[in-house]
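Comments concern the structure below.
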Amino acid sequence: MRIVVTGASGNIGTALLRAFAAGDAEHDIIGICRRPPDGVPPYDCADWVALDLADPGAAEALAPVLAAADAVVHLAWGFQPSRDTDYLERVGVGGTRAVLQAADTAGVGHLVHMSSLGAYSPGPDDRRVDESWPTNGITTLAYSRHKVAAERLLDAHVGRSTHGMAVARIRPGLVLQRDAGSALLRYGVPAFVPAAAVRLLPFLPLDRRIMTQCVHPDDVADAIVRVLDRRATGAFNLAAEPPLTREDMAEALGAAALHVPAAALRTLTSLTWRARLQSLDPGWIDLAFAVPLLDSCRAHDELGWRPRVDARDVLAEAVGGMAEAAGTPSPALRPRSVGQQLARLVRRGPVGSRKLP
């Protein structure tokens, strides 16, 4: 099977390449990203095309890449610079539009789109929701708005596809692994803070009501492979057990849990965001306390999918990766060092507002 993967050098893309390399089936893999990685495992199992989906001509540039493709796995998404929401919209929403247009023109038979828990509307506290729960998102966070907009593009495309392209959507919880440790630090930790400080946090200030779900990217990759093998369509929630509490998070960090109401935490995050002391959009706090818990029964029943990594182990692995500034040879997951971060800060400004090269 000829499979084109956008965002193939990122967190989930790296895991998907590992899955392809370890599998029995022979696939012709084409990886698309802005900065292709060197040809070392697992990146050596793909042929690479350098392409920024935010570019105005992305659909035309994709056309020859998608020619003769059997399937497209659309993973590409932007998280930084977090203050440049216009650029992030061009990557996420514009990139999805370009992929749909090019895939339809090329006659691709199957599209697997990486959506998110963040596409869901606020949900109940007392039960889990399945894939029929409304996807109107959290309006205060650009990431959520853009995931919703991408879902609407998929909705419209399913109704007007010229050749009946099969479309599947993956909606995972937080996707965490050791190899994404440095990337996670860049998203939310100031450049001057060393990675080892993750283990030195004396207490974790969080509202005791928080509860969230995560999943390992290797398990997400396994679900994607199953979707491709079955040419499955529709939406699939993916989350490992158990849902993570504040106490689970504090234990993973080796810190004491300290109750801070969500409103106060939101205010503090907003103040430090506006002061440009950190790059975490305060809308992520809204998302953390609003999104529902996922019911993954459809993936269990129709794909035979079961997560192999327990949620607490996923979190512990990610925290360990952050503390060790773990990464891969991919530019998207490159190892972080304080010296490099400070040099970039001086040359190009804070990561949340700097222009991409």
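Derivation of every value follows stated rules applied to the coordinates shown; laboratory data play no part. These figures come from a predicted structure and were not determined experimentally. Ideal geometry is used to build each Cβ from the backbone, glycine not excepted, and the neighbour counts take in all protein chains shown.
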Q) Roughly how big is the chain's charge dipole about its Cα centre, with Cβ charges of +1 (Lys, Arg) and -1 (Asp, Glu), in debye to the nearest 20? A) 1320
Q. So which GluC sites (Glu not before Pro) in the stretch 1-92 pass both tests, a DSSP loop state and at most 13 other Cβ atoms within 10 Å of the Cβ?
A. Glu26
Q: Report the full-extension gain for the segment Arg306 to Leu280: residue separation times 0.36 nm, less the Cα-Cα distance, to one decimal in nm.
A: 6.2 nm
Q: Compute the Rg/Rh shape ratio of the stretch 23-80: radius of gyration over Kirkwood radius, all on alpha-carbon atoms.
A: 0.97
Q) Between Arg199 and Ala67, what is the label-to-label distance in nm when each label sits 7 Å out along the Cα-to-Cβ direction? A) 5.3
Q) Once fully extended, how much extra length lies between Asp229 and Leu271, figured as 0.36 nm per residue of separation less the alpha-carbon to alpha-carbon distance? A) 10.4 nm
Q: Provide, for q = 0.06, 0.08, 0.12 Å⁻¹, the log10 of I(q)/I(0) from a solvent-free Debye sum over equal Cα point scatterers in the chain.
A: -0.20, -0.37, -0.87
Q. How much length is gained if the chain between Asp38 and Ala21 is pulled fully straight, taking 0.36 nm per residue apart and subtracting their Cα-Cα distance, in nm to one decimal?
A. 4.5 nm
Q) Using a Förster distance of 22 Å, how high is the FRET efficiency between Arg160 and Asn136, based on the Cβ-Cβ distance and rounded to 0.05? A) 0.50
Q. Can you tell which of Asp126, Asp207, Asp84 shows the greatest fluctuation in a Gaussian network model of the chain with Cα springs below 10 Å?
A. Asp126
Q | Per-residue HN-Hα couplings for the stretch 298-305 [Karplus 6.51, -1.76, 1.60; θ = phi - 60°; Hz; x = Gly/Pro] | A | 5, 5, 4, 6, 8, 9, x, 8
(Q) Looking at the calculated P(r) for the stretch 1-124, what percent of the C-alpha pair distances fall above 23 Å? (A) 30
